[in-house]
Amino acid sequence: MNLYVVGVNHLSDVEIDKINKPFRPIASGEYSFGTGVIITASSLILSFWHCWIIGSWPLFWTLFVCFMMGTAYSVNMPLLRWKKHPVLAAMSILVMRGLAFQLGFYLHMQTHVYKRPTIFSRSMIFATIFLSFFYIAMSLLKDIPDIEGDKIFGVQSFALLLGQKRVFWISIFLLEIGYGVGILMGATSPYLWSKIITGVGHAFLALVLCYHAKSVDLKNSASTTSFYTFIWKVISNL
């Protein structure tokens, strides 16, 4: 369960979703905007209350950083609404998912649960590097099928600025770099089983990713959305 809450989207986001993702609860009319506000605010309160009960400062700061980044990304106020600026949007996702999640949850387990000194293990460093590449790539990929609604409402995504094809292959390149780091980590491991599992496993995933990427029709929103979902469900969970 993710222990963070993003800011409540501005009403214009509902209009964007009616074009880009009409199946979402508010865009489809299943939930009202007020219901979305109540769910979001309740989740925020319960998340911080949970942190207070546990008494873990790493967990609290992880939640706080993710909440602030999510608010900056979504809320339509001066100096905020980072989703309209491609560099800031990618940075907020990187900070939340690539860095805060990995470091915060690791420090929570290391210092609060196991009461151990703070030592950044090889596996933790690898996970942070790999997921940083992964989430930057995913932040680029997610905007490719949403280009129509983003264009209408002035959301300047990289897909609009650089073109869908270029952004797509940049994303694939970043993902392949992540798998390359995995192969390198396996090759330099002192354990034979780790060399085989880590090296061969990431090489296999890199090949699967490349194979499916070649079959994507960038002009077809259903095709790009399916590929994005495929990465989340298959590539990121194997």
Checklist entry - Once you charge only the Cβ atoms, +1 for Lys and Arg and -1 for Asp and Glu, what is the size of the charge dipole of the stretch 157-238 about its Cα centre, to the nearest 20 debye? => result 120
Checklist outcome for this item: Using alpha-carbon positions, the gyration tensor of the stretch 30-132 gives root eigenvalues a ≥ b ≥ c; with a/c under 1.5 called rounded, otherwise prolate if a/b exceeds b/c, else oblate, the class is oblate
Next on the checklist: Given all pairs of different Cα atoms, what value in angstroms does the Kirkwood hydrodynamic radius of the stretch 30-74 take?
Outcome noted: 11.5
Checklist entry - If we sort 66-73, 52-59, 187-194, 167-174 on the protection proxy, mean other Cβ atoms within 10 Å, highest first, what's the order? => result 66-73, 167-174, 52-59, 187-194
Checklist entry - Based on the Cβ-Cβ distance from LEU88 to VAL181, what FRET efficiency comes out when R0 is 35 Å, to the nearest 0.05? => result 0.85
Checklist entry - Past the 32 Å Cα-Cα mark, which pairs from LYS195/LYS219; LYS84/LYS165; LYS83/LYS214? => result LYS195/LYS219
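Rounded to the nearest 20 Debye, what is the dipole magnitude of the stretch 79-238 about its Cα centre when Lys and Arg each give +1 and Asp and Glu each give -1 at the C-beta?
Taking the Cα centre of the stretch 79-238 as origin, the dipole is about 280 debye.
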Item to check | Under the Debye formula (equal points on every Cα, no solvent term), log10 I(q)/I(0) of the stretch 75-129 at q = 0.20, 0.21, 0.24 Å⁻¹ | outcome: -0.73, -0.77, -0.88
Checklist outcome for this item: Percent of all alpha-carbon pairs of the stretch 104-238 at distances over 22 Å, whole number, is 48
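Computed from the coordinates by the stated procedures, all read-outs in this text should not be read as laboratory data. These figures come from a predicted structure and were not determined experimentally. Please note: Cβ atoms are built from the backbone with ideal geometry, for glycine as well, and neighbour counts cover all protein chains shown.
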